[in-house]
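K.L.:
Mind looking over this structure? Questions follow.
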Amino acid sequence: MKACVLAYKGITKSKDYYLKLVKEMERYFKPVLLAPIDNVIIEVKDDVHVTYKGKDLKNFDVILPRIGPSFIPFGTLILSHLEEDVYFPNTIEAYRVASNKFYTLMELSKHNIPVPRTLLTISQEMSKSLLKSVGEPVIIKRLGTSGGKGVVYAKDIQSANTFLDAFPHKRGQEILVEEYIKNPGEDVRLFVIGDEVVACMKRISKKDDVRSNIHAGGKGVPYSPTDEMVKLAVKAAKVIGADICGVDIIDGPGGPYVIECNMNPGFAISRITGVNIFRRMAEFTFKNARIFHHVEEISIFERVNERFSTFFKELEDRL
Ligand SMILES: Nc1ncnc2c1ncn2[C@@H]1O[C@H](COP(=O)(O)OP(=O)(O)O)[C@@H](O)[C@H]1O
Ligand SMILES: [Mg+2]
């Protein structure tokens, strides 16, 4: 089977991780193409074609997307064209839901997964009026960001008000006002593959921050999640339609809360926990691609059986 890892040009920063992923994929697939999404073209005329440097992506058996929130509109167009012929883990809807933190919280809360109380508005004035009911400190978030970049921690209503006034706000742009879950700048990242949490780390923010993202200077340490966290993470992934994703949980005084699902979870967890995430992803993808393409599993027993019956049939014919 042929596989294509759909990444983005920026992977040069974490190239070693991607090379590891390709190496593990090559244990199961031949060839494995590492294709930056920046070089993919979608063309319509009499038909639709999705190509990467002249190669039609429909000719691949598997696409493994590794794309962050800003690539989702383009990425999901690609996937929706390939959906019937090519296997990829995670549903298109999962990418849509996870690329919007609020949409994610809506889906999770509908399925009784604990999430922080969060209010969504498109008005600065309206969001300011909500601060009192949410309490202090408060978290304000922008959609479509990652790595902690769109997250603001306001210690009190005064700081939140001044921030909201100064916040460059485009017409129609959503503002999330979220309950702060008390924790010492820590959260837990659970890497879910299928029905399992295959790796887990605690992320601890740097001294003068509350955002624990590795990209915001947070530090990751291996962590053994509680059974409750594991159940929540696997359920959260299922609810949004994801097979491979990173679920972020904050363990607050009232118990664990899921704050987001990441469809492009960072690979640093592999270095931090020592778990070969790449192999686990490749194994899972291979197993499910075989099911998708109806490749029959032939056991050694069946093969031996087949040989014997052919042998006896030939013998019978001769006699
Ligand atoms: N409601 C909250 N209460 C406490 N800390 C939070 C809350 N929301 C986010 N954080 C902190 O900010 C970090 C980034 O928030 P998150 O919503 O995951 O945004 P991003 O997509 O940028 O990672 C989290 O990992 C956590 O450390
Ligand atoms: Mg996060």
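K.L.:
Out of all the residues in region 174-192, is one or more outside the structural domain of residue 255 (by TED's automatic domain parsing), β-branched (Val, Ile, Thr) and touching a His at 6+ places or on another chain (Cβ under 8 Å)?
P.N.:
yes
K.L.:
Now a separate question. Residues of region 223-252 being more than 20 Å from the chain's Cα centre (by Cα), within 16 Å of ligand 2 (Cβ to nearest atom) and among the β-branched types (Val, Ile, Thr), which ones?
P.N.:
Listed by number, the list is empty, since nothing qualifies.
K.L.:
Continuing with this model, one more query. I'm checking my understanding of the structure. Among residues of region 125-151 that are crowded, with 17+ Cβ neighbours inside 10 Å and among the β-branched types (Val, Ile, Thr), which one is nearest to ligand 2 (Cβ to nearest atom)?
P.N.:
Out of the qualifying residues, it is 151.
K.L.:
Residue 187: surrounded by fewer than 21 Cβ atoms within 10 Å (Cβ to Cβ) and part of a strand (DSSP E or B), yes or no?
P.N.:
no
K.L.:
Which one is surrounded by the most Cβ atoms within 10 Å (Cβ to Cβ), of the residues in region 14-29 that are charged (D, E, K, R) and either at pLDDT 95 or above or under 19 Å from the mean Cα position of the chain (by Cα) (or both)?
P.N.:
The selected residue is 24.
K.L.:
Among the listed residues 240, 214, 269, which satisfies the condition of being at pLDDT 95 or above and either touching a Ser or Thr at 6+ places or on another chain (Cβ under 9 Å) or within 11 Å of ligand 1 (Cβ to nearest atom) (or both)?
P.N.:
Unique residue meeting the criteria: 240.
K.L.:
Determine which single condition residue 72 fails, assuming it passes every other condition in (1) crowded, with 20+ Cβ neighbours inside 10 Å; (2) closer than 25 Å to residue 28 by Cβ.
P.N.:
(2)
K.L.:
For residue 159, only one of the following conditions fails: (1) in the same structural domain as residue 228 (by TED's automatic domain parsing); (2) of a type in the set (Gly, Ala, Ser); (3) free of Cβ contacts under 8 Å to residues at least 12 places away in the same chain. What is its number?
P.N.:
Among (1) in the same structural domain as residue 228 (by TED's automatic domain parsing); (2) of a type in the set (Gly, Ala, Ser); (3) free of Cβ contacts under 8 Å to residues at least 12 places away in the same chain, residue 159 violates only (1).
K.L.:
Among the residues of region 59-97, write down those that are more than 23 Å from the chain's Cα centre (by Cα) and of a type in the set (Lys, Arg).
P.N.:
none
K.L.:
Could you list, in sequence order, the residues of region 8-40 that are among the aromatic types (Phe, Trp, Tyr), assigned to a helix (DSSP H, G or I) and more than 24 Å from residue 54 (Cβ to Cβ)?
P.N.:
17, the sole residue that qualifies.
K.L.:
Moving on. Take region 191-222 and flag every residue that is within 13 Å of ligand 2 (Cβ to nearest atom), over 16 Å from the mean Cα position of the chain (by Cα) and assigned to a loop (DSSP other than H, G, I, E, B).
P.N.:
Answer for region 191-222, where residues must be within 13 Å of ligand 2 (Cβ to nearest atom), over 16 Å from the mean Cα position of the chain (by Cα) and assigned to a loop (DSSP other than H, G, I, E, B): 205, 210, 211, 212, 218.
The values are calculated or read from the model by the stated rules, or taken from the named source; none is laboratory data. If you're wondering where the values come from, they're calculated on a predicted model, not measured in any experiment. We place every Cβ from the backbone using ideal geometry, glycine too, and count neighbours over all the protein chains shown.
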